[in-house]
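First up is the structure itself, then whatever we jot down about it.
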Amino acid sequence: MCGIVGYIGDKDAREVLVEGLKRLEYRGYDSAGVALLANNRIDVLKTPGKVTKLEEMVSGVQQAKIGIGHTRWATHGEPTTVNAHPHMDCTGNIAIIHNGIIENHSALKTKLTSLGHTFRSQTDTEALVHLIEEFYSRTNNLEMAVRFALKDVDGTFGLVVMAASEPDILVAARRGSPLVIGLGESENLIASDASALIRHTRNVIYLHDNEIAVITRNDVALKNLDDETIEREAEHLTFDLEQIEKGGFDHFMLKEINEQPETIRNAFRGRLIEETGISNMGGLHEVDDKITNAKRFVILACGTSWHAALVGKYILEQYAKIPVEVDYASEFRYRNPVLMEGDVVWAISQSGETLDTLAALREARKSGVPVYGIVNVVGSTIARETDAGVYIHAGPEIGVASTKAFTSQLAVLNLINLLVARKRKTISEEQGREIVAEMRKLPGKIQQILDNTGVIESIAEEFKDSRNFLYLGRGVNFPVALEGALKLKEISYIHAEGYPAAEMKHGPIALIDDNMPAVFIALGDSTYDKILSNIQEVRARKGNVIVIANEPDSRLKELARHIIQIPKTIDILSPILSVIPLQLLSYYIAVKRGCNVDQPRNLAKSVTVE
Ligand code: F6R
């Protein structure tokens, strides 16, 4: 996720900014930059890659007492020097750093270009600095220019702006992306999280949505977008650096599980069209026809991403009526796969660097079929080597076990399904609208699950010493059972298997006794009655049944030892909800067993070996 740090005071801003950016490195980033203001001139230094590289560059420029710095996690445009922040206006007077997404950046760019502004980067942020420049040329006041500009902006922002012509202030604003102001002695700081400023001060003021801060060396003034003054007491931070980096959570994995309302919102942001019940993904515009007219999709992935692909198969075959084959990337490559004209290959990868997936997509390309990506890390090798694609925008995933990336992959597969199904007319406009409406409700429903983790924690306590687990689901929730089992194996080292619930009687049922917990996903869909029979089979052999359910009826209540209730949604979206209790169950079991949750043994975040 992008990081922000700004400084004004007596110290050497070069050092404060670089040190602050280093503190933000844990969030993940792919380029970094600073703007330093001295002698009525702004020097901008930026580079792809690490902050240490920026540090070397910064030592060669003039000292400054005011400046802004940024680490960028690419969303719009590759991680290049020109796309790195800060961005400058046309005249070199105004510099900006920005976290968030400006949704109407294309419309703003068209308008500003017609007014004579020249754009240099592919970022959404650049529209913002030219817009501020436009208002500055009319007001000659940076604070007013920012305030006016933000009224024309759709989207989210945490931003800091400075101008060579007003060398004593930083102007910051927030909507949806956090900003915290650090209050020092003859100095003030601003950052996207407190870890970047805690070395200088522990007295802070958090900026709220739709607020602007004008920060000078000795003062901080808060206002709303209507120019009304806001009074807010400073808070004193008592927690340590590590706690701040984890956003107050004990582990990155728990933080990332809890980010899912936001990451799902980000995956859908700007991509849903309510009126016509269809989706719109910029990265697929040029290949729309190829996708819509494809005869078959072949999806390649590994691990958790492979589970997402399996969910995609259920969804796309049911709604878009397109045959889908899902392959382990590592197997695809060596089995002389048959690809034909009309095939479209998709590679799904969180990191975009998994060698098995990369090798498989290179193999697929040899057949001349189009290869598209569903990737999290912008500018990663898979993103670069595919012909087109969709970013899932989950932000950096630091916990080795994938959680938020999985649900964002499902969100994007649903967007692709919606696009293809509507274009192929296998669903009506009305059905499309219903799906969009349900998609919009997902973040709130995820939050409901996250707000009720007590029962999951107590189940974890009861079963933390189990040696084996079974995970069972049907239909679109069968891959979720696989994912639940994988999560448990990875971080708690308990042996776990996932099966389609009905497959149990063909073998695995032999394992069941009163020591075996069986986790069922039994939502209120067409498979409910069948799953109840499968649950009965386990109960008859004294297995302990834990059920993820929507609205449990008396039959289920009688059979289950524990029920974890989740909100109802339509079947194709249900895996985005049903997997969350499974992520949490694995997490709490692993914690209670004393395992290293964020860095489980033998595992790496990005598997770049075959
Ligand atoms: C499981 C997990 C792995 C990855 C797999 C593919 O929690 O993280 O199974 O899903 O290594 O990685 P990506 O998606 O980066 O290609």
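The values are calculated or read from the model by the stated rules, or taken from the named source; none is laboratory data. Only a predicted model underlies this, so the values are computations on that prediction, with no experimental measurement involved. Please note: Cβ atoms are built from the backbone with ideal geometry, for glycine as well, and neighbour counts cover all protein chains shown. Accessible surface is based on the protein model in full, side chains and every heavy atom, while ligands, DNA and RNA are left aside. Shrake-Rupley method; radii C 1.70, N 1.55, O 1.52, S 1.80 Å.
A compact table of results
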{"quantity": "Portion, in percent, of the accessible area of segment 93-250 that falls on carbon or sulfur, probe 1.4 Å", "calculated": "45"}
{"quantity": "In degrees, nearest ten, helix 574-592 long axis to first principal axis of the chain (Cα)", "calculated": "90"}
{"quantity": "Extension reserve of the residue 511-residue 341 stretch, reckoned as 0.36 nm per residue once the Cα distance is removed", "calculated": "56.7 nm"}
{"quantity": "Beta bridge orientation in the chain: antiparallel %, DSSP, nearest 5", "calculated": "60"}
{"quantity": "All Cα pairs of the chain, percent lying beyond 41 Å", "calculated": "29"}
{"quantity": "Percent RCO, i.e. relative contact order, over segment 3-237, from Cα pairs under 8 Å lying at least 6 residues apart", "calculated": "20"}
{"quantity": "Solvent-accessible area per residue, Å², over segment 470-538 with all protein chains present [probe radius 1.4 Å]", "calculated": "33"}
{"quantity": "Cα-Cα over 30 Å, subset of 53/151; 505/568; 423/568; 46/246; 223/404", "calculated": "53/151; 223/404"}
{"quantity": "Protection proxy ranking of 479-485, 325-331 - average other beta-carbon atoms within 10 Å, highest first", "calculated": "479-485, 325-331"}
{"quantity": "R0 of 60 Å, Cβ-Cβ distance residue 152-residue 601: FRET efficiency to nearest 0.05", "calculated": "0.70"}
{"quantity": "13 Å reach of a label modelled at residue 122, 7 Å along Cα-to-Cβ, counting backbone N of segment 64-91", "calculated": "74-84"}
{"quantity": "Computed over segment 247-451, Cα set: Rg, Dmax in Å", "calculated": "16.4, 52"}
{"quantity": "Length-normalised contact order of segment 2-78 in % [C-alpha pairs under 8 Å, at least 6 apart]", "calculated": "45"}
{"quantity": "Carbon/sulfur fraction of accessible area - segment 462-561, other protein chains in place, 1.4 Å, %", "calculated": "45"}
{"quantity": "Cα-projected label distance for residue 451 with residue 428, points at 7 Å along beta-carbon direction, nm", "calculated": "3.5"}
{"quantity": "Helix axis angle, 478-492 relative to the chain longest principal axis, alpha carbon, degrees", "calculated": "70"}
{"quantity": "Computed FRET value (nearest 0.05) for residue 39 with residue 493, which takes r as the C-beta separation and R₀ as 56 Å", "calculated": "0.40"}
{"quantity": "Cα→Cβ-extended label distance, 7 Å offset, between residue 236 and residue 168, nm", "calculated": "3.1"}
{"quantity": "Using alpha-carbon coordinates, inclination of helix 13-23 to the longest axis of the chain, degrees", "calculated": "10"}
{"quantity": "Charge tally in the Cβ shell below 13 Å around residue 15, where Lys, Arg are +1 and Asp, Glu are -1, residue 15 excluded", "calculated": "+1"}
{"quantity": "Length-normalised contact order for the chain - Cα pairs under 8 Å, 6+ apart - percent", "calculated": "11"}
{"quantity": "Per residue accessible area of segment 247-451, 1.4 Å probe, in Å²", "calculated": "36"}
